[in-house]
Amino acid sequence: MITRGEHVEIRSLMENGVSVSEISRMVGADRKTVKKYASLDQYHPFFKEKKPKGKLDQYKGYILSRLKKYPLNAVRIFDEIKTQGYDGKMTILRGFMKTLRKESSYDAVMRFETAPGQQAQVDWGEFGTIEVDGEQKKLHGFHMILGYSRMRYVKFTTSMNLRTLIRCHIDGYNYFGGAPHENLYDNMKQVVLKRRKNANDSDFQPMFSDFMAYYGTETKLCRVMKPRTKGKVENLVDYVKDGFFLGTEFTDLDDLNMKAGAWMDKVNSQVHSTTKEPPIERLKKELPLLIQISGRPDYRISEVLYRKARCSCLVSVYSGEYSVPPKYANRDVEVRMDEDQLGIFYRGSEIARHKLVGKHQTSFLDSHKRQLEAGCFHMPVQKLHRRISSQVGVCEQGVEVRNLNAYEGV
């Protein structure tokens, strides 16, 4: 804004024939501003008209701080500022956030829609690490989505082994209320041992195939090097990372899964951007066409191994140690892994049952310790003395000397 003194100076310079451009450089104002004030006989300040404050303005500082810490999406930010009093629309927020982010480009793919009850897509996601019993472990996320209704299921684990994968499937089927007629996977080793040109001729994990046969579900593999052929679950993995995991605080794995369950219930009740319907409503049409599991016992996850109990009364299973009663030390035993339990059998009879432990951990039952302490004895330490030649005495007994003529008659 031009001051009263600068207005007088501009008028004086103009009367003395100084050009507008020169006055602009001398005063430090724009040429248009110089012309405007030179034409005024009396000083009149011009104020810039203030734009009305937008609904989002008071929340922009909070949005910037959240995005600086986490790359959250618009849906997550919208939910957060709505609780703070924001009453504007999502489009305003999306427009603001679009100016803050670089656009991402993806290869074009054809969207593939499936019939109700036909298919679910399954995949793992990586979520950093989590501390369990003082040890840092990798945190994985199991993701499953029904192709028609878009019902989502997610569960966090510290393992991606076959038994965990099957357990997550069972929990997902129970959450949906039924099983799809086929599941689509990439070439994860827990599912397929050897991928062949014709996917149906591939060598599948026997235990996983048995699990699929139990529910009557077919295994489908997506095209090699084409992960976007299961784009629904790929999008779900990103959605969970941005829409739930980032910024969520939790105390342990159980707390994380409890919060994930509440989040799933919420997003499955919201309108999906593609179908324009809440997944929970579309599930009503899909549920009758899913494989019915009501009244059917869950598939029993059991693995049988054969081991030898060591003299320390411990049996090694997948780098974990499990105790047996002392009388079974140095004997061949059978190990049966079922859910999160491990049973040890000798000649068909169970001799020990443990809860599964992690790698390099030991489960030694108190009863086995007491038996070991009560039945063990220690051999006394014996000192062995070396025989020294100086300690051996020389025989000094006399020897009779006989005349050789005495033997001539013999």
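The values are calculated or read from the model by the stated rules, or taken from the named source; none is laboratory data. Treat the numbers as computed from the prediction; the structure is a model and nothing was measured. We place every Cβ from the backbone using ideal geometry, glycine too, and count neighbours over all the protein chains shown.
Residues of the range 242-261 being surrounded by 15 or more Cβ atoms within 10 Å (Cβ to Cβ), out of contact with any strand residue (DSSP E or B) (no Cβ under 7 Å at 6 or more places or on another chain) and in a helix (DSSP H, G or I), which ones? Steps first, please.
From the range 242-261, those surrounded by 15 or more Cβ atoms within 10 Å (Cβ to Cβ) are 242-246, 250, 253, 256-257, 259-260; that's our starting set.
Now drop any that are not out of contact with any strand residue (DSSP E or B) (no Cβ under 7 Å at 6 or more places or on another chain), which leaves 242-244, 246, 250, 259.
Across the range 242-261, the qualifying residues are ASP242, GLY243, PHE244, LYS259.
Scanning the range 262-276 for residues that are in a loop (DSSP other than H, G, I, E, B) and loosely packed, with under 14 Cβ neighbours inside 10 Å, which turns out farthest from the chain's Cα centre (by Cα)? So that I can check it myself, show each step before the final result.
So the first thing to find is which residues in the range 262-276 are in a loop (DSSP other than H, G, I, E, B), and the list is 268-276.
Those left that are additionally loosely packed, with under 14 Cβ neighbours inside 10 Å: 269-271, 273-274, 276.
Details: SER269: 24, GLN270: 24, VAL271: 26, SER273: 25, THR274: 26, LYS276: 29 Å.
Checking each candidate, the answer is LYS276.
Whether any residue in the range 209-220 is over 17 Å from the mean Cα position of the chain (by Cα), assigned to a helix (DSSP H, G or I) and closer than 29 Å to LYS266 by Cα is what I want to check. So far as the range 209-220 goes, yes, one or more of its residues are over 17 Å from the mean Cα position of the chain (by Cα), assigned to a helix (DSSP H, G or I) and closer than 29 Å to LYS266 by Cα.
From the residues in the range 150-166 that are over 15 Å from the mean Cα position of the chain (by Cα) and touching a residue at least 60 places away in the same chain (Cβ under 8 Å), which one is farthest from GLY295 (Cα to Cα)?
Of the range 150-166, the ones over 15 Å from the mean Cα position of the chain (by Cα) are 150-152, 162-163, 166.
Remaining after also requiring touching a residue at least 60 places away in the same chain (Cβ under 8 Å): 150-152, 163, 166.
Numbers: ARG150: 25, MET151: 22, ARG152: 23, ARG163: 22, ILE166: 19 Å.
By that ranking, first place goes to ARG150.
The residue of the range 23-32 that is surrounded by the fewest Cβ atoms within 10 Å (Cβ to Cβ), among those that are more than 11 Å from ARG11 (Cα to Cα) and touching a helix residue (DSSP H, G or I) at 6+ places or on another chain (Cβ under 8 Å), is ASP30. Of all residues in the range 68-85, those being over 23 Å from the mean Cα position of the chain (by Cα) and among the hydroxyl-bearing types (Ser, Thr, Tyr) number 1. You will find that of GLU126, GLU131, the residue that is over 20 Å from THR274 (Cα atoms) and at pLDDT 90 or above is GLU126 and no other.
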